[in-house]
Amino acid sequence: MALRCWARAVPVRKASASASAPLRRCWREPLREPRATRCNSTHCMSGVEPPWYAKIPIVPEDADAVLAEMPELALGGQGSSAAAAVAGADARRYADIPLDKVFEQDQQVPSETTATASSAAPATQFAELSNGVRVAVVDRGGHCASVGLFVQLGSRYEEPEVSCMPHFLELMAFRSSGHLSHIRMLKTLEQLGAATSCRVGREDLLYQIDVLREYVPVVLPLMLANVLCPSVLPEEVESACEHVLEVQKNLEENPENLVTELLHLTAYEGNTLGNKLYADEKDLTQFSAENLRKFIQKECTPDRLILVGVNVEFEELCKWTARSFAEHPLGEASPTGSPEKQRPMTPAVYTGGERRLERVNPLCHLMLGWEVKGGWNGQFLASVTVLQMFLGGGGSFSTGGPGKGMHTRLYTDVLNRHHWVESCNGSSVMYADSGLFTIYATVVPKHAGDFISVLARIFKSVSQISEEELVRAKNALKSSIHMNLEMRAVMMEDIGRQLVLSGKVGTAQEFGRMIDAVNAKDLADVLRECLKTRLTLVAYGAIEKVPAYEEIAKTLAVSIP
């Protein structure tokens, strides 16, 4: 995903079935040509121009006209006889054709491959509804669409004692709503062949549906119902509570995810990005229907909603999004102003520090982190990501060519030389105003101290990067961006995350230019700036041989290139 791989209560009100119900329809102003991009910086997002939004007013529309435009459905085998007859005739067209014979098929929608090969890359189009909801669409002509609803809420916006509420919202995703009961929701999605998911992050919550593009008008209201008209039934809340313990158990069984979470809690202790992402057993008393309804009503406001669609028509998604808000209070016009204005947030305060968890484990898990000042919107965005790709790493049993990291510095100078290192990876994670550059390693416990010395040597060697190594790292990064963006779900999430982080969407070509502008000196500079911040250390497993925090910090401090 572009530059991520550089591196995730309203009152319940049922819709009226009356034909005279005041539904609303959207009309769109003619699109203007976007303003030319003026790059003010070669290494960061400041050179990316904010998108231009088409204004989408919501106007009344007759219910019968809306229903007439819905696609034909035959859920559970029940549908109109005319639709069944058409489906049967279509199936019989190919009954006598053997599988090894070529036949012509009507092309209603061009294939994704044909669409991208025959023309330039499709542009991203943007719109803003009159209530402040933002819409972004890329139509690559594929048969299957990915639609995501991003809500700008997360643990960083909450007080530490209630930071678990976004996670509770994730656990209640796609349950009963004003449209359908939970079981009917599941059966409808199953009959449509739709795949749903929900994931919570520190700065956003994502609801996602993958479905055939013709069924987007059907699934869109079901997805938006998560924030518009959730039923929040007590029995469903009780069922979701059981998953809290499962999440904690899964964290314990996956040390890498656990130490990553602990790293955030330690790096920003007691504030914003340091608020815990997942609820635990102590938080279950807050998990109630009343608290969830209040939280949804307070946090899920239209100006914090971003709808992103890939492989769906721009006008269609705008129209059906407006219709989905027709009979809800959130459909009213909002005086929020420019969509480029981001949600106010308390600045993240990096603290650093250490956290050790001794557990029965054959290995010692170490994660070390330093702050990347400015994060996604800072000056080091391109430099730190190229540095991450240059250091690379992998596991001791990795196989493959340059794409698997075998020519990166951590692989050639650490994994190939020290048999007691099981794995070692460099990575980074970016947020709106801060970020983390990290090294994660698993080592044989008795060599934990030796690994710190090896890492110090690697950091010091960053001042000596050959042109071949630099070009390889930059090419690998650019190819990773383009390869990941070929997947519709990745592109959808990438567009949404960029809008959440900065209100802008950079293209793969713009990121490529940022990468090309990075030189060897930039890598040494960004590493030097990171190492000047206070070390964050998390040790897990067999940690008895891990040196003292002050000793580790002193060893790595003298390795500044």
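The values are calculated or read from the model by the stated rules, or taken from the named source; none is laboratory data. As the structure is a prediction and not an experimental result, all values here were calculated from the model. Here Cβ is always computed from backbone atoms with ideal geometry, including for glycine, and neighbour counts include all displayed protein chains. The protein model used for the area step is the full one, side chains on, heavy atoms only, and it has no ligands, DNA or RNA in it. Shrake-Rupley method; radii C 1.70, N 1.55, O 1.52, S 1.80 Å.
Tabulated values for the structure
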| read-out | value |
| --- | --- |
| Which listed residue is of a type outside the set (D, E, K, R), crowded, with 23+ Cβ neighbours inside 10 Å and over 19 Å from the mean Cα position of the chain (by Cα), from L206, L129, L189 | L129 |
| Test: residue in region 398-409 that is touching a Lys or Arg at 6+ places or on another chain (Cβ under 9 Å), part of a helix (DSSP H, G or I), at pLDDT below 95 and open to solvent by 30 Å² or more (accessible area, probe 1.4 Å) | yes |
| Any hit, region 254-262, residues being under 30 Å from L368 (Cα atoms), touching a Lys or Arg at 6+ places or on another chain (Cβ under 6 Å), aliphatic (A, V, I, L, M) and in a helix (DSSP H, G or I) | yes |
| Residue count for region 541-561, restricted to those that are part of a loop (DSSP other than H, G, I, E, B) and modelled with pLDDT under 95 | 4 |
| Output for region 458-486, where each listed residue is of a type in the set (S, T, Y) and within 16 Å of S383 (Cβ to Cβ) | S463 |
| Residues located in region 262-317, provided they are of a type in the set (S, T, Y), closer than 17 Å to M165 by Cα and surrounded by 17 or more Cβ atoms within 10 Å (Cβ to Cβ) | T272, Y278, T301 |
| Region 208-246, subset touching a His at 6+ places or on another chain (Cβ under 7 Å) and of a type outside the set (D, E), residue farthest from G141 (Cα to Cα) | C229 |
| Answer residue from region 150-168, given it is hydrophobic (A, V, I, L, M, F, W, C) and farther than 21 Å from C241 by Cβ and is surrounded by the fewest Cβ atoms within 10 Å (Cβ to Cβ) among those | V151 |
| Residue in region 442-457 that is within 27 Å of the chain's Cα centre (by Cα), within 17 Å of L381 (Cα to Cα) and modelled with pLDDT of 95 or more present | no |
| From E256, E236, E242, residue being open to solvent by 20 Å² or more (accessible area, probe 1.4 Å), out of contact with any Phe, Trp or Tyr (no Cβ under 9 Å at 6 or more places or on another chain) and more than 27 Å from D303 (Cα to Cα) | E242 |
| Qualifying residue in region 468-491 (condition: open to solvent by 50 Å² or more (accessible area, probe 1.4 Å), β-branched (V, I, T) and assigned to a helix (DSSP H, G or I)) | yes |
| Selection from region 355-377 of residues that are in contact with a Cys (Cβ under 9 Å, 6 or more places away or on another chain) and open to solvent by 10 Å² or more (accessible area, probe 1.4 Å) | E371, K373, G374, N377 |
| Considering residues of region 499-540 that are in a loop (DSSP other than H, G, I, E, B) and open to solvent by 30 Å² or more (accessible area, probe 1.4 Å) only, the residue nearest to D433 (Cα to Cα) | K504 |
| Looking only at region 328-341, and only at residues there that are more than 18 Å from W52 (Cα to Cα) and surrounded by 19 or more Cβ atoms within 10 Å (Cβ to Cβ), the one that is modelled with the highest pLDDT | H328 |
| Residue check for L317: more than 30 Å from V247 (Cα to Cα) and either aromatic (F, W, Y) or modelled with pLDDT under 95 (or both) | no |
| Given (1) out of contact with any Gly (no Cβ under 7 Å at 6 or more places or on another chain); (2) surrounded by 16 or more Cβ atoms within 10 Å (Cβ to Cβ), number of the condition R184 does not satisfy | (2) |
| G352, sole failed condition from (1) within 21 Å of the chain's Cα centre (by Cα); (2) surrounded by fewer than 24 Cβ atoms within 10 Å (Cβ to Cβ) | (1) |
| Criterion violated by T196 - all others in (1) at pLDDT 95 or above; (2) surrounded by fewer than 16 Cβ atoms within 10 Å (Cβ to Cβ) satisfied | (2) |
| Which numbered condition E238 fails, given (1) over 21 Å from the mean Cα position of the chain (by Cα); (2) among the acidic types (D, E); (3) closer than 30 Å to T438 by Cα | (3) |
| Matching residues in region 351-390 - criterion: being of a type in the set (S, T, Y), touching a helix residue (DSSP H, G or I) at 6+ places or on another chain (Cβ under 6 Å) and closer than 21 Å to A553 by Cα | none |
